[in-house]
1. Go through (1) in contact with a Phe, Trp or Tyr (Cβ under 8 Å, 6 or more places away or on another chain); (2) without any contact (Cβ under 8 Å) to a residue 24 or more places away in the chain for Ala212 and report which single condition fails.
2. Looking at Ala159, Ala153, can you tell me which residue is in contact with a His (Cβ under 6 Å, 6 or more places away or on another chain), surrounded by 13 or more Cβ atoms within 10 Å (Cβ to Cβ) and at pLDDT 80 or above?
3. Out of curiosity, is Gly168 surrounded by 13 or more Cβ atoms within 10 Å (Cβ to Cβ) and either closer than 30 Å to Gly120 by Cβ or within 23 Å of the chain's Cα centre (by Cα) (or both)?
4. Can you tell me which residue in the range 127-150 is surrounded by the most Cβ atoms within 10 Å (Cβ to Cβ), limited to those that are modelled with pLDDT of 80 or more and among the polar types (S, T, N, Q)?
5. Output yes when any residue across the range 203-224 is among the charged types (D, E, K, R) and surrounded by 15 or more Cβ atoms within 10 Å (Cβ to Cβ), and no when none is.
6. Residues of the range 197-249 being small (Gly, Ala, Ser) and touching a Cys at 6+ places or on another chain (Cβ under 6 Å), which ones?
7. Quick check, is Leu124 touching a residue at least 24 places away in the same chain (Cβ under 8 Å) and crowded, with 16+ Cβ neighbours inside 10 Å?
8. Might you let me know whether the range 258-265 holds any residue that is surrounded by 17 or more Cβ atoms within 10 Å (Cβ to Cβ), touching a Ser or Thr at 6+ places or on another chain (Cβ under 9 Å) and within 30 Å of Thr160 (Cα to Cα)?
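The values are calculated or read from the model by the stated rules, or taken from the named source; none is laboratory data. Not measured: the values here are computed from a predicted model. Positions of Cβ are generated from backbone atoms using ideal geometry, with glycine treated the same way; all protein chains shown enter the neighbour counts.
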Amino acid sequence: MANVLSERIAELRRERGFTQEQLGQLVGVSAQAVSKWEKGGAPDVELLPALADRLGVTIDGLFDRECGETVDVQKVVGRWLLSLPDETRLSQVCRLLWGAFGGIFGGKVEMPRVDYLDHGEHYLDLEDNHGLKNKLMLSQIRMGGGIMLDLHAEDFSFATIWPEPQEGYAAYFAPKDQYRRLFEVLVKPGCLELLEYMYSRKRHFYIPNAMAAPLGLPCGQVESLMEELSRLAILDSMELELENGMVKAYSTYEDGAFVPFFYMARCLMQAGLNMINLFDRNDPILRGASWKDSEESDHE
């Protein structure tokens, strides 16, 4: 039984991405103690509940035993996440989702065994006809219940899961004219540089002439871009009273969609180069979508 426990501790520790030192810190012992457990020793009985919580299993699970007890997975995962440092929780959620990857198809497809990529391995140094380089090594699932797109690597990882609503995805898109206005502004010279500059700094209100110099753009051009972005609700705006009159100042919102938007755009521009590509779907992605463009549908 000690060997079963030792093997399970080592197996679960590696699956969760812990070093022996990290697991030891979580349960209040040294890395040497964890090493002894994995080589055939056994932890004190008092440590078993904490060890099970940190490894995300029941105590029976530490001994690889099945029992009739129903485990509340959400509570177990919640306790496990609370045991981790704040800065590691999101990356560990990505690992958790990747670990659950194999169960999505319910055994219908044999999932490849792929661990997290090492540093830098998530890039393919390729160049296409548009000059795009360093393709991302993505994994993609398309099935009747929705879409999953992720990247799993030691130095960079993300996971997106899109369960499909009953009405289909397209029912929740914005009117097409709103997308047109957005992209018309984004393609204007200096717009991407302006957004990158503002999002790379703490959230403050900026007046256009203060932004013109660092961007190397005419003040009028910066002011026009900021006003258009404000009308699209991408930037916030307010009026300030200065000695020489009223002036408009602009700030970014606390918008968590900015980074995912640009990464998803990058993923879209490298279709067909996924490391894992699994499809179990007969319907088109935009099931029930209307392709016809009309002013009436765009302005409902």
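1. The failed condition is (1).
2. Numbers: Ala159 fails: in contact with a His (Cβ under 6 Å, 6 or more places away or on another chain).
Result of the check over Ala159, Ala153: Ala153.
3. Numbers: surrounded by 13 or more Cβ atoms within 10 Å (Cβ to Cβ): yes; either closer than 30 Å to Gly120 by Cβ or within 23 Å of the chain's Cα centre (by Cα) (or both): yes.
Taking the combined requirement at face value, the residue satisfies it.
4. Filtering first and then ranking leaves Ser139.
5. Step one: list which residues in the range 203-224 are among the charged types (D, E, K, R), which gives 203, 223.
Narrowing the set further to residues that are surrounded by 15 or more Cβ atoms within 10 Å (Cβ to Cβ) leaves 223.
Taking every residue of the range 203-224 in turn, at least one turns out to be among the charged types (D, E, K, R) and surrounded by 15 or more Cβ atoms within 10 Å (Cβ to Cβ).
6. Of the residues in the range 197-249, the ones small (Gly, Ala, Ser) are 200, 210, 212-213, 216, 220, 224, 230, 233, 237, 245, 249.
Answer for the range 197-249, where residues must be small (Gly, Ala, Ser) and touching a Cys at 6+ places or on another chain (Cβ under 6 Å): just Ala212.
7. On the way: touching a residue at least 24 places away in the same chain (Cβ under 8 Å): yes; crowded, with 16+ Cβ neighbours inside 10 Å: no.
For Leu124, the condition - touching a residue at least 24 places away in the same chain (Cβ under 8 Å) and crowded, with 16+ Cβ neighbours inside 10 Å - is not met.
8. Filtering the range 258-265 for residues surrounded by 17 or more Cβ atoms within 10 Å (Cβ to Cβ) gives none.
No, because not a single residue in the range 258-265 is surrounded by 17 or more Cβ atoms within 10 Å (Cβ to Cβ), touching a Ser or Thr at 6+ places or on another chain (Cβ under 9 Å) and within 30 Å of Thr160 (Cα to Cα).
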